[in-house]
Amino acid sequence: MIINSSNNVPEIRLQQMIERLKASDCRITPQRYAVLNVLAKSTDHPSAESIHAELINHYPTMSLATVYKTINLLKREGEILELEFSDLGNRYDGNKPYPHPHVICSECGKIVDPSQLDLDAITNKMMAETGFKILTHRLDFYGLCPDCQ
Ligand SMILES: [Zn+2]
Ligand SMILES: [Zn+2]
């Protein structure tokens, strides 16, 4: 099962991503490094556009295409979780590249990881009941965040 947990120290996560990309012969350019750094430290599931907006002041030549290319490299290596939404577009979790539940504000689009939800027991029950080998899952909870209530 690919459902696992890892620690969420941004520096360690950044190194993990860099090592994984280097092992696949990807060059870590300063701009790619900057994108990886944002993904490693973000807990708010940024979009490619918001990553680009965060970096453009420091890296005036940074293009949105560079952000997307870096994200695609991570996707190929299984080092990022892509969340597709019809209304919010694609959002990314570089901290936890494995399936996990999300809590989403339907007003402002904020996305948070609940930490106290253990899905292992539910998943095991589901496999026992259906005979399926569960490989992945997508679980979204919608509501209003504290700021929007
Ligand atoms: Zn909100
Ligand atoms: Zn997440």
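The values are calculated or read from the model by the stated rules, or taken from the named source; none is laboratory data. Keep in mind the model is a prediction, meaning the values are calculated, not measured. Note that each Cβ is placed from the backbone with ideal geometry, even for glycine, and that neighbours are counted across all protein chains shown. We work out accessible area using only protein heavy atoms, side chains counted, and drop any ligands, DNA or RNA first. Shrake-Rupley method; radii C 1.70, N 1.55, O 1.52, S 1.80 Å.
Would you pick out the residues in segment 13-26 that are among the aliphatic types (A, V, I, L, M) and exposed (fewer than 12 other Cβ atoms within 10 Å of the Cβ)? Outline the logic, then answer.
The initial filter retains those residues of segment 13-26 that are among the aliphatic types (A, V, I, L, M), namely 14, 17-18, 21, 23.
Selection gives 23 alone.
For segment 108-129, a residue qualifies if it is touching a strand residue (DSSP E or B) at 6+ places or on another chain (Cβ under 9 Å), within 13 Å of ligand 1 (Cβ to nearest atom) and in a loop (DSSP other than H, G, I, E, B), and the qualifying residues are 109, 110. Annotation: residue 5 fulfils all but one of (1) part of a helix (DSSP H, G or I); (2) at pLDDT below 95; (3) small (Gly, Ala, Ser); the unmet one is (1). Given the options 80, 28, name the one that is under 23 Å from residue 136 (Cα atoms) and touching a Leu at 6+ places or on another chain (Cβ under 9 Å). It is 80. Determine whether residue 115 is within 16 Å of the chain's Cα centre (by Cα), modelled with pLDDT under 95 and surrounded by fewer than 15 Cβ atoms within 10 Å (Cβ to Cβ). So residue 115 fits the description; yes. Annotation: residue 128 fulfils all but one of (1) free of Cβ contacts under 8 Å to residues at least 24 places away in the same chain; (2) within 16 Å of ligand 2 (Cβ to nearest atom); (3) open to solvent by 70 Å² or more (accessible area, probe 1.4 Å); the unmet one is (2).
The condition of being closer than 25 Å to residue 24 by Cα and open to solvent by 20 Å² or more (accessible area, probe 1.4 Å) holds for only one of 66, 43, that being 66. Here residue 78 clears all of (1) under 22 Å from residue 19 (Cβ atoms); (2) away from ligand 2 (no atom under 16 Å from the Cβ); (3) in a loop (DSSP other than H, G, I, E, B); (4) not hydroxyl-bearing (Ser, Thr, Tyr) except the condition numbered (2). Can you find a residue in segment 94-101 that is surrounded by 17 or more Cβ atoms within 10 Å (Cβ to Cβ) and over 22 Å from residue 68 (Cα atoms)? Looking for residues that are surrounded by 17 or more Cβ atoms within 10 Å (Cβ to Cβ) and over 22 Å from residue 68 (Cα atoms), one finds at least one in segment 94-101, hence yes.
Within the span defined as segment 68-84, every residue fails to be of a type in the set (Ser, Thr, Tyr) and farther than 15 Å from residue 49 by Cβ. Considering only residues in segment 85-107 that are part of a loop (DSSP other than H, G, I, E, B) and closer than 17 Å to residue 52 by Cβ, the one that is farthest from ligand 2 (Cβ to nearest atom) turns out to be 88.
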